[in-house]
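Structure first, then comments.
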Amino acid sequence: MKENNFLTHIAGVIAMIIWGLSFIWSTQVYENLNPTATIFLRLVVATIFFTAILFTFRLNEKIKKEHLGLFALAALFEPFLYFIFEGYGLKNTSPIIGSAIVAMIPLVTPIGAAIFLKERLTPMNIVGLFVSFAGVVTMLLNKNMVFTASPKGILFLSGAVIVAVGYSISLIKLTRLYKPLTITWMQNIIGMIYFIPLVLVMEHFEPSNFGNAKEYIVPVVCLGVFCSAIAYALWAFAYSKLGASKANVYNNLIPVFTAIFSYFIIHESLTPQKIIGIVLVVFGLVLSQLKDLRQARLSKEKTTE
């Protein structure tokens, strides 16, 4: 049985808080740069940050040649394909709606985990997933119970959800071979390389873009350091302890934090439907983890006896 402790859950929650903020930071940058350029700069910042940390504190690991293909596959899924879909999806939706659709990842991941990793979910895991999904759907509704999302945005974000499943499978394999810091560092480097041709072909940097750098430089740095570096390291750690299906349940917290931060930072409205959705998302998360939390408590009681 995989170790399931307090620090693991804390790591998962902190990663979700940071990624909840990422939707707001991305929206702020998109006012000046396209998603492709934004993601590339984000990865550059993350790579510099991680390289400095790993080599300063001598935490770097030697990568075996036979594992480079797995790293390349993981980086193809995320950050490359995932960020393309998420970036252009978010450009056509609001931060709250974008994060709510991304929160569907836990509903799709168990299918992939069952096929490729032979993982099984308990009945409470399944109930929790669907309760959280009901909360996500509720957050997509307005006061007239009508969905308020761009079809184009939904299409891109749905692609991000599918790609995330592939990433989940490759990530859980990598966590059995390397430390979370090494995995995150390598996927950022490879992902940055993937983006270079796109940036050269698609982006037309103009002097005005750099003249407005003061308006987006802070969000870009935050995306690179916090979202592409620290949050991914925490997430890889949580994956290594919880497994793909259980760990992905934490994605349901992203729209909760995004809704809260959007209300206070960019003043996006927080309607009754969104509040109800937040409650359902949290309740579903608790249900899905209830058995694991109970087992952890019993294990702790036996240890102290």
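Observations, loosely collected:
- Highest-MSF residue in the chain out of ALA37, ALA46, ALA236 [GNM, Cα springs under 10 Å]: ALA37
- Cα gyration tensor, the stretch 8-74 - rounded (a/c under 1.5), prolate or oblate: prolate
- Rounded FRET efficiency, nearest 0.05, which uses the C-beta distance separating VAL201 from ILE14 and R0 of 30 Å: 0.25
- Over the chain - Rg/Rh using Cα atoms and the Kirkwood inverse-distance radius: 0.97
- Fluctuation leader among PHE283, PHE50, PHE237 - the chain, Gaussian network, Cα springs under 10 angstrom: PHE283
- Virtual paramagnetic centre 7 Å along Cα→Cβ of PHE6, amide N under 13 Å, in the stretch 217-261: none
- Under the combined filter of DSSP loop state and at most 15 neighbouring Cβ atoms within 10 Å, the stretch 1-89 retains these GluC sites (Glu not before Pro): GLU3, GLU31, GLU61.
- Helix runs (DSSP H) in the chain reaching 15 Å along axis by Cα, Kyte-Doolittle at least -1.0: 6-30, 35-56, 105-116, 123-139, 151-174, 180-202, 231-242, 254-265, 272-304
- GNM remark for the chain: springs join alpha carbons under 10 Å apart, and the peak mean-square fluctuation among VAL146, VAL249, VAL199 falls on VAL146.
- Ranking PHE156, PHE195, GLY12 by how far each Cα lies toward the positive end of the dipole of the chain (charges on Cβ) leaves GLY12 at the top.
Throughout, read-outs are computed from the coordinates displayed, never taken from laboratory work. Nothing here was measured: the structure is a model prediction, and the numbers come from that model. No Cβ is skipped: glycine too gets one built from the backbone with ideal geometry, and neighbour counts run over all protein chains shown.
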